[in-house]
Each structure stands twice: as structure tokens, then as C-alpha cells.
Amino acid sequence: MVRVTLLRGVILTRESLVQRRSGSGKPLRVFDRGAEWDGLTAFMSRPLPHAMLGIVSGRRRMGKTYLLRALVEQCGGFYFGATAGTEAESLRQFSSALAEHVGSPVPFAFSTWHDAISYLFGIAAPGRGGGPFLAVIDEFPYLAKVSPELPSLIQREIDRCQVDESRMRMLLCGSAMSVMGGLLASTAPLRGRAQLELVVRPFGYRAAADFWGVAAEPALAARLHAVVGGTPAYRRQFLADDVPASLGDFDDWLCRTVLSPFSPLFREARYLLAEETDIRDTALYHSVLAAVAQGNTTRGGIAGYIGRKSVDISHPLNVLEDSHLLVREADIFRAGKSQYRITEPLINFYEAVMRPAWTRLESGQAAEVWAQSTERFAAQVAGPHFEAVCRDYVLGPGRSLLGTSLGAVGSGVVTDPKARRQIEIDVAVVEPGSGGAKPSVALLGEAKWGTTMGLNHLERLARARDVLAERGVDTTRCGLACFSAAGFSDALRAEADRGGILLIGLDELYGRAMPAAVLP
């Protein structure tokens, strides 16, 4: 029987799916992920006569399994997806999958993981085939938890196969970020053994807009990304392709999906936190995340919000960073200063909008809660998210707008001693000085989500540039940029027409228009 698949309105047989690839050989059914696919295929095709190891990680729902299964389908090889279970059950499942792979009429009955791993590497012996042999062990943390000797057993085989020839290309994959990161850290057995370390991250904001099919409406795409981010599973597996039809449908869509107690997304933010193995006291971690969502982004501010001392929250902050749920961003102008930001939009939305009204949402009052959350959403969710998107824009498609080479991109505070005020810079490009050269600033930018920007915003940026110049920073080629999701005043547009100023709106951010000017 011929299998038929419908992909974006095109009917493809299974055979044509295999034949029709992108330029890099990536199957068309794998959306985006070009860089990840190239990294995996380069790992597979490297012509070394010895065993190679790769570590693939990423938070849940990112499509790691989908990506690796596509690789196994294209390259051939062995795939095993572990589940939570006892050591005996996990070994039995692995043995059965291995027996099925080699075509054994009866299941294998390995008594120890030592025997199972030795047999697996034996399949990759040079005399048993021609090209590289791919072995994927997915959700590896489940196995390592009940069989902590596994990394050492794999290390022993990897080391042996650096002397003996081997076709083995092993990929260990997992969603527990702290566990996967620890596989190659410090004195871990696999330290120094991996030739690939790939983190599968959420789609970028432009790719996410394409994936959800809303790229033609940037205002909708920006709001959608501020809530669900770039996690692929949320559209297909969680919402069964329930996508807001237009910007006017966004409120209703939010109430029937994320804010509805009958939707899988309703409790997803809680589950994301509970799934991290290093998180024990979830109430404490939710309090830390709530503090950041409420605008308390410094270590001292977080500690004060939850009623703890700064030293007492070091461990929760480190665990959340290792889990890729929180990121600490250094102040680009002030050494030693930093702020924390929640990296998962759905968690930020939950902490800022849903958690304070959880009882009402559970009772079905989604429309009322959302109607009362407009200002909170703009200030605590969409605004900070928009600033991060603007920095991503400068790092990516906006790089060509700068007349100089790209330096460090970040945010920070410029203290104006004369006016006794602090000027917050949302987007900055700074080139640190070296070899006697002074540090230089290529761009200073301000981002506003719900405010029409005018000359007063430009004057604040110009004053920050003057203050930096007074400190000895090279600002001779420093351009100014205004990012706004609400638009710009006529006076500001007229000033931008004279040159040296960038005006970036949603159309420019999403590639539907080009900025009117390029910095010299």
C-alpha cells in the first residue's frame, strides 16, 4: 500500500518524501532545523575509522525525537527511546529493540548493561558492514538515573574503539538539560569523548511565525510568540493546528487554548518545571520565576520578592539556568551587573498572567481574566519579550544595517551623572577595546511595545551616547535605533529621513519591509 502524506497542500507519497529534499539533504517534512540537520549529517559523514560520540539535548517539545528519527530513517541505524522504569525493565526493553534491529527471531536477554553495550558496539565492527553505523539512544537520562554506570560503560567502549577500528556513530539524547550538560562536565566519564554537542532550541521568532502560518500578519505573530514562543509541539500535538485566524481572533484563541482548563497548554508551564530532575521544591522555583516575571530581575530583587537572602537563592538560580528556563544577561555597560530573564515565553506568561488568577481560570473565567490582564500582559510579557526579539533581530537579519563589524549585542544602563538619572538601553552593540584601542559603541537602541515613539525617545538615546563619549568610549560611528510595535511619530520619521537613525517596526522585524536607512 502506498502511504500518502499531506504537506502544506501538496500530496506526497512516502517515496517522494524520501526523494524530495532541501539543498542540504534535509527531508521536507522536517521544518526549519537546517543548521541542526547539517551538524548531524556532518557528524555522520566524517571519515574517521574510530567510534564517535554526539550529545543532543534540548527542552521537551522541541522536536529532538522527530529530528533524530528522520536522521535514522535516512541514514539507517538503531534507534531506542527510553522510558521511565526500573533498571531491569529498561534493560529488557533495550534488549528487545536491539534484537528487532538485527532481525533476531527471539528477544535478547542481556543480564547486564555491560553485555548490552558491548554487543551494540560489536554491531559497528568494521567487518560487519561498509559505512558508519548510527546508534541513537533517546531520553538517555531515564537510563542513567536507574543505571548510573552507563556513561562509564559507554566511555570504556569509546576509548577501546579509539585503538580498534569502529564504524560507531553514537548519539545520546535527552530533555533533562542539567543531566545532559553534566555528561561532558568536569570529571564526568564522557568528558572529552564527544565530537558533537548539539542543543536543539526553540524556533526563532521569524521561523515560528512561518511555522504557525502567521508571518503575513506581524502584529499577530509578535503576540503569539510572546505567549507560546517557538516550541514546535504546541501547534500540532497540543492544539491540533488550532491557530488564530487573524489579529482579531487572538483574544478568543487565547481564551479557548492557553487560558482554558480543558486545553493541554493550560498546565504546561507547571509541567515544564516539574519535569526537570534537579527541581525538588517546585513552590520555591515558581516563586523565583514569578519574581522575574514581575520585573524583579536582579539577584537582590528576586531575593527580596520571595523573602529570602541573596545567598539562599543561588542554587535555584543555578538550576533554572542549567535547565535553560532562566538566563543571566550581563549589563553591557556596567561590569559586574546583570539581570535575569525567563527564556520560555509560556512560563513567563503563566507567572505574570495565569498564576495570580489561577482559581478563576480553573472555574472557566478566561474571558474576564484576560480582559483585566491587558496592562499586565503589555508590561510584564509582551514588552520584555519585544526587547529580546529586537536584540535577536540585530544579531540576525539586522546585522547588515550596521556599518561596522558586529560586536557584543546586549542591554544595559548608562548612568547620567549630570541629570542624576539612569538611561536604560534595550539594544546595544558594543565592541570591547583591545590592543590599546578604545571600546566603541556601534548602536544604541530603545524598544517600546505599546508606545508610539517620538523625539523624546531619540533625545534620550542621544544623551546616552554623549555620556559614553565623555567616559572615553568611541562613539564616532554610533547609530541610534528606535524599535516600536506601535509606530513612530511624524516628527521622528522626519528626523530619521536626515540619516543616522534607524526606525524598526514590526514589518521590518518580520522581513515584510526594509528599514528606510542603513547606518554609515
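The values are calculated or read from the model by the stated rules, or taken from the named source; none is laboratory data. Predicted model only: the values in this text are computed from it and were never measured. For neighbour counting, all protein chains shown are included, and Cβ atoms are generated from backbone atoms with ideal geometry for every residue, glycine included.
Counting only residues that are of a type in the set (G, A, S) and assigned to a helix (DSSP H, G or I), which one in the stretch 71-93 is farthest from G130 (Cα to Cα)?
Keep residues of the stretch 71-93 that are of a type in the set (G, A, S), which gives 76-77, 81-82, 84-85, 88, 90.
If we keep only those that are assigned to a helix (DSSP H, G or I) too, we end up with 88, 90.
Details: A88: 34, S90: 30 Å.
Top of the filtered list is A88.
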Just one listed residue, out of A462, A469, A442, is in a helix (DSSP H, G or I), farther than 24 Å from A382 by Cβ, assigned by TED's automatic domain parsing to the domain that holds L406 and touching a strand residue (DSSP E or B) at 6+ places or on another chain (Cβ under 7 Å), and it is A462
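Matching residues to (1) at pLDDT below 85; (2) of a type in the set (S, T, Y):
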{"position": "C478", "(1), (2)": "no, no"}
{"position": "S484", "(1), (2)": "no, yes"}
{"position": "D490", "(1), (2)": "no, no"}
{"position": "A494", "(1), (2)": "no, no"}
{"position": "G499", "(1), (2)": "yes, no"}
{"position": "L502", "(1), (2)": "no, no"}
{"position": "L509", "(1), (2)": "no, no"}
{"position": "M514", "(1), (2)": "yes, no"}
{"position": "P520", "(1), (2)": "yes, no"}
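Go over the candidates S411, S400 one by one and state the one that is within 30 Å of F203 (Cβ to Cβ), assigned by TED's automatic domain parsing to the domain that holds L502 and in a helix (DSSP H, G or I).
Details: S411 fails: in a helix (DSSP H, G or I).
Going through S411, S400 in turn, the sole match is S400.
How many of the residues in the stretch 88-99 are over 18 Å from L172 (Cα atoms) and not aliphatic (A, V, I, L, M)?
3
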The stretch 372-391, subset of a type in the set (D, E, K, R) and crowded, with 17+ Cβ neighbours inside 10 Å, residue nearest to L443 (Cα to Cα): R391
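Considering V327, V394, V353, which residue is within 26 Å of the chain's Cα centre (by Cα), among the β-branched types (V, I, T) and assigned by TED's automatic domain parsing to the domain that holds I423?
Just one listed residue meets the conditions, V394.
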In the stretch 117-143, what count of residues is obtained for those that are surrounded by fewer than 21 Cβ atoms within 10 Å (Cβ to Cβ), in contact (Cβ under 8 Å) with a residue 12 or more places away in the chain, small (G, A, S) and not in a loop (DSSP other than H, G, I, E, B)? 1
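Only one of L320, L401 is touching a strand residue (DSSP E or B) at 6+ places or on another chain (Cβ under 9 Å) and closer than 28 Å to F483 by Cα. Can you tell me which? Talk me through it step by step, then tell me what you get.
Numbers: L320 fails: closer than 28 Å to F483 by Cα.
Criteria check complete, one pass: L401.
Do we have any residue at all in the stretch 332-341 that's part of a helix (DSSP H, G or I), at negative phi, crowded, with 19+ Cβ neighbours inside 10 Å and of a type outside the set (V, I, T)?
no
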Out of (1) among the hydrophobic types (A, V, I, L, M, F, W, C); (2) in contact with an Asp or Glu (Cβ under 8 Å, 6 or more places away or on another chain); (3) free of Cβ contacts under 8 Å to residues at least 40 places away in the same chain, what's the single condition that is false for I313? (2)
From the set of residues in the stretch 491-507 that are in a helix (DSSP H, G or I) and without any contact (Cβ under 8 Å) to a residue 12 or more places away in the chain, which is farthest from S400 (Cα to Cα)? A494
